[in-house]
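Q: Can you keep this structure in mind? I'll have questions shortly.
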Amino acid sequence: MPLDEIGDWSVDKLNILKDYSGRYSQILQNQRSEQTGTRRFSHGYIDAFAGAGEHVHKATGEIIQGSPLIALNLEHKFDEYDFIDLNPERVERLKKIAEQRKGVRVHHGDCNDVLLSTVFPKYKFEDFRRALCFLDPYGLQLQWAVMATAGRMRSIEIFLNFPVMDMNRNAKKMRIEDVDVDHRHRMTDFWGDESWHSAMFAPSLQSNFLGLFGDDGVDLEKNDNKAFVAAFQKRLKDVAGFAYVPQPIPMRNSKNAVVYYLFFASNNETGNRIASAIFKPYRQP
């Protein structure tokens, strides 16, 4: 099957994932009981939009390892791997990649259902099971319930593609009633409620001055991406319950436009420290 084409910004994202997942797996493998010397934790890698396993660089034609192959080829192996995709051709390709590999399961289906019903329940905090979950949707296919469940469980860390370009293109209307019904539902499913609209817009300075805070007669102005993304960062902390959500990385295309923001969220202080250090070189001054 044809492979997805990606640009340098996606290569950066995969390099960040590779760097963090390698350290994550090594640290959990080294956590051992002082009494018995046995490992304290088992750990898994979860790829919710796994794709075909490889990509093609759109500028060079080079074959680039996708997130499943990156995880499988790490020096410090995960105990388990769950790859999920809705496309049957990609699933079959993943199954071939996973042949002869231990602990790999490939799921064909909607990741929102598969994660909540089958994958996440395996990683209970009290069972000393941990997981790193890569949530890299093509658009707004992800549902808030997945992120909220991961935060509440405390055992699952996530990397998240926050598709701000898709959101701005399809849902940034001054009146929420003017947003296409399908896009409105997708935004609400992703965000968890309709507060996404108030995060996109704010009362204008003139409205604030005049004291017009009701539903009628209030002039709104668009918030910039930074304010909008900050609202979601706060939501991951306050509503989903992640203790640590460092400032996300804006991932820019060849025209320097922000395509999406890469979030990391965790309940582990060490994970937060490592992810923040990995993010640092990718931040523009």
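Q: Considering the range 44-65 alone, what residues qualify as being of a type in the set (D, E, K, R) and assigned to a loop (DSSP other than H, G, I, E, B)? Even if it seems obvious, please write down each step before you answer.
A: Of all residues in the range 44-65, those of a type in the set (D, E, K, R) come to 47, 54, 58, 62.
Once the filter is applied, which keeps residues that are of a type in the set (D, E, K, R) and assigned to a loop (DSSP other than H, G, I, E, B), the range 44-65 yields K58, E62.
Q: From the set of residues in the range 30-53 that are of a type in the set (D, E, K, R) and open to solvent by 70 Å² or more (accessible area, probe 1.4 Å), which is farthest from E269 (Cα to Cα)?
A: We begin by selecting, within the range 30-53, every residue of a type in the set (D, E, K, R); these are 32, 34, 39-40, 47.
Next, only the ones that are open to solvent by 70 Å² or more (accessible area, probe 1.4 Å) stay: 32, 34, 39-40.
Working: R32: 19, E34: 22, R39: 20, R40: 18 Å.
Going through the qualifying residues, I end up with E34.
Q: Where in the range 173-285 are the helices (runs of 4 or more DSSP H), entirely inside, with at least 2 residues that are modelled with pLDDT under 95, at negative phi and out of contact with any helix residue (DSSP H, G or I) (no Cβ under 8 Å at 6 or more places or on another chain)? Step through it out loud before you land on a result.
A: Working: elements: 181-191, 195-200, 205-210, 225-238, 269-279.
Once the helices (runs of 4 or more DSSP H) in the range 173-285 are filtered for at least 2 residues that are modelled with pLDDT under 95, at negative phi and out of contact with any helix residue (DSSP H, G or I) (no Cβ under 8 Å at 6 or more places or on another chain), what remains is 205-210.
Q: Determine if the range 81-88 includes at least one residue that is outside any loop (DSSP other than H, G, I, E, B), within 20 Å of I158 (Cα to Cα) and of a type in the set (D, E, K, R).
A: We begin by selecting, within the range 81-88, every residue outside any loop (DSSP other than H, G, I, E, B); these are 81-85, 88.
From the residues that got through so far, the ones that are within 20 Å of I158 (Cα to Cα) too are 81-85.
Imposing the further condition that a residue be of a type in the set (D, E, K, R) reduces the set to 82, 85.
The answer is yes; a qualifying residue exists.
Q: Condition test on R101, is it part of a helix (DSSP H, G or I) and under 23 Å from N15 (Cα atoms)?
A: No: the conditions fail for R101.
Q: Could you figure out which of (1) at pLDDT below 95; (2) within 24 Å of I27 (Cα to Cα) isn't true of K122?
A: Single failed check for K122: (1).
Q: Between a first residue in the range 272-285 that is within 18 Å of Y24 (Cβ to Cβ) and a second residue that is part of a helix (DSSP H, G or I) and among the hydroxyl-bearing types (S, T, Y), which pairs have beta carbons less than 9 Å apart while being 6 or more apart in sequence or on different chains?
A: Going by the 9 Å Cβ cut-off, the qualifying pairs are I274/Y20; I274/Y24; A275/Y20; I278/Y20.
Q: Of the residues I63, I27, I70, which single one is within 29 Å of I274 (Cα to Cα), open to solvent by less than 20 Å² (accessible area, probe 1.4 Å) and among the hydrophobic types (A, V, I, L, M, F, W, C)? Please lay out each step first, then the result.
A: Values: I63 fails: open to solvent by less than 20 Å² (accessible area, probe 1.4 Å); I27 fails: open to solvent by less than 20 Å² (accessible area, probe 1.4 Å).
Testing whether each residue is within 29 Å of I274 (Cα to Cα), open to solvent by less than 20 Å² (accessible area, probe 1.4 Å) and among the hydrophobic types (A, V, I, L, M, F, W, C) leaves just I70.
Q: Across the range 6-39, what is the total count of residues that are over 13 Å from H76 (Cα atoms) and part of a helix (DSSP H, G or I)?
A: Result for the range 6-39: 10.
The values are calculated or read from the model by the stated rules, or taken from the named source; none is laboratory data. Note that this is a predicted model, so its numbers are computed, not measured. Cβ: placed from backbone, ideal geometry, glycine included. Neighbour counts: every protein chain shown. To get the accessible areas, we keep the full protein, side chains included, count just its heavy atoms, and leave off ligands, DNA and RNA. Shrake-Rupley method; radii C 1.70, N 1.55, O 1.52, S 1.80 Å.
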